[in-house]
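Step one of this worksheet: look at the structure below.
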Amino acid sequence: MRLIAVANHKGGVGKSTTVINVAAALASLGHRVLVVDTDAQGHTSLGLNIQTSNKQTLAELLCSEHVSVSDVVQRTAVKRLDIIPSDLSLAIAEVKLSTMPAKEYRLRTKFKGIEDFPYDFVIFDCAPTFGTITMNVFTVAHEIVLPIQLGYFSLEGVNTFIDTIQFVNKTIGSLVNHTIAINGVLITAYDTRTKLAREILVTVQDIFKDTLFKTAIPQNIKINEAQSHGKTIFEYDATCKGAVAYMSLAQEIIERDIHEQYKQDAKKSKEKAISR
Ligand SMILES: Nc1ncnc2c1ncn2[C@@H]1O[C@H](COP(=O)(O)OP(=O)(O)OP(=O)(O)O)[C@@H](O)[C@H]1O
Ligand SMILES: [Mg+2]
C-alpha cells in the first residue's frame with residue numbers, strides 16, 4: 001500500500017485537482033484507491049460530488065474515540081475509488097485537536113491496521129498550511145507529491161517546505177520511527193505560451209533534476225469545468241490534454257515507488273549487518 005500526501009503550504013497550486021484526477025487515473029488503471037480529504041475547504045470532497053450532511057467525516061474520525069476508518073469511508077461514483085470526506089467541521093476539529101495529548105498522532109492511531117484495508121493507494125489532500133492536521137498526515141504518509149506552478153513567486157517557499165519536512169522527520173516522525181520523503185515535484189497549470197513559464201521551467205529542472213516528474217500538467221479549462229460539475233477529468237472529457245497528462249502522471253507515480261525502494265534498502269542493510 002502506498003500512502004501519498006499531496007502537499008504544499010502555498011495555496012491554489014493544484015493540490016486538490018491533482019488528488020482528484022490522479023486518484024481517478026489510478027482507479028481506472030485497476031488500482032483500489034482511498035482519498036482522504038484533510039482540508040476543511042472540502043474541495044476534493046466537492047470535486048468528487050460527495051455529500052457530507054448527516055454523514056461522519058474526517059473530523060469525527062480525528063476527534064471521537066469510538067469512530068473508526070470504516071465508519072467514515074464513502075464510495076464515490078468512480079469504480080474502485082473511495083473517500084474519507086471533509087467539510088468546514090474539520091476547522092473546529094483542528095481547534096479541538098490542538099488541545100489533545102499526542103495531537104500529531106491521532107490519524108496514525110486511527111490508521112493502525114490500514115494495511116489490512118483493500119487499497120493499493122491512499123492519497124491525502126492537504127490544506128495549504130503546516131497545521132496540526134497536516135502534521136497528522138505527515139506521520140502517516142510515506143511520500144509527498146509537491147505541486148508547484150511556474151509563476152514569478154512559484155519557488156518562494158519551496159525551501160521552507162523542504163526544511164519543514166526534515167524537521168518533521170527529526171521530531172514527531174522519529175518518535176514513532178516514521179519518515180516521509182518528497183517523491184516528486186509536479187508542475188501544474190503549465191502554460192507553454194508564456195516566456196516567463198518557459199524560463200522558470202529551466203530553473204526548476206536545474207534545481208529538482210530527477211525529483212521533478214517528467215509529466216507537467218497543462219493549463220486546461222476542461223479541468224476547471226470538470227470540477228464545477230463534480231466530476232473527474234476522465235468522466236468529463238477523457239481525451240482532453242488535462243486527462244492525458246493526469247493519466248501519464250499516474251503511470252509515473254506507479255513506477256516511482258520510493259517507499260518500496262526505501263524498504264528494500266533497509267532490508268539489505270539489515271541482512272548485511274546480520275552476516276557480519
Ligand atoms: N491544470 C489546470 N488547468 C486549469 N485550471 C486548474 C488546473 N489545476 C488547477 N486548476 C484550477 O485552479 C484552482 C486551484 O486549484 P486547486 O483547488 O486544485 O488548488 P489547491 O492547491 O488545492 O488550493 P488550496 O491551497 O486552496 O487547497 C481551481 O479552480 C482549479 O480548478
Ligand atoms: Mg485544495
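One table, with the values for the structure above:
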read-out	value
Simple spin-label estimate for LEU88 and THR160 in nanometres, 7 Å along Cα-Cβ	2.7 nm
Expected 222 nm ellipticity per residue - DSSP helices of 4 or more, -39500 (n - 2.57), all of the chain, to 500	-12500 deg cm²/dmol
Residues with amide H under 5 Å from that of TYR190, placed H, sequence gap 5 or more	ILE217, GLN219
Length added when fully stretched, VAL202-LYS96, from 0.36 nm per residue minus Cα-Cα	33.7 nm
Ranked LEU88, LEU46, LEU58, LEU26, criterion: other C-beta atoms within 10 Å, fewest first	LEU88, LEU46, LEU26, LEU58
DSSP loop chymotrypsin sites (Phe, Trp or Tyr not before Pro) with at most 11 other Cβ within 10 Å: longest gap in the chain	1-151
Distance cut-off 25 Å, percentage of C-alpha pairs in the chain lying past it	44 percent
Residues ASP71, ASP206, ASP237, ASP82 arranged by fewest to most Cβ contacts within 10 Å	ASP206, ASP71, ASP237, ASP82
Share, in percent, of DSSP beta bridges within region 2-275 that are antiparallel, nearest 5	5 percent
Residue order, fewest to most surrounding Cβ atoms within 10 angstrom, among VAL73, VAL95, VAL244	VAL95, VAL244, VAL73
Theoretical FRET efficiency, 1/(1+(r/R0)^6), r = Cβ-Cβ of VAL244 and SER275, R0 30 Å, to 0.05	0.05
For region 93-133 and region 219-276, distance of Cα centres in Å	21 Å
Within the chain: Cβ-based charge dipole about Cα centre, in debye rounded to nearest 20 (Lys, Arg +1; Asp, Glu -1)	460 debye
Debye log10 I(q)/I(0) for region 82-220, one point scatterer per Cα, at q = 0.10 Å⁻¹	-0.42
Theoretical FRET efficiency, 1/(1+(r/R0)^6), r = Cβ-Cβ of GLN251 and ILE114, R0 25 Å, to 0.05	0.55
Sparse-neighbourhood loop sites, GluC sites (Glu not before Pro) in region 63-127 - DSSP loop, at most 12 other Cβ within 10 angstrom	GLU65
Mean separation of Cα contacts under 8 Å (6+ apart) over length of region 122-276, as relative contact order %	20 percent
Extended-chain gain in nm, criterion 0.36 nm per residue less alpha-carbon gap, ILE258 and GLU65	66.2 nm
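We did not get these values from a lab; they are worked out from the coordinates using the rules stated. All figures in this text were calculated on a predicted structure; none of them were measured in a lab. All Cβ positions, glycine included, derive from the backbone under ideal geometry; neighbour counts span all protein chains shown.
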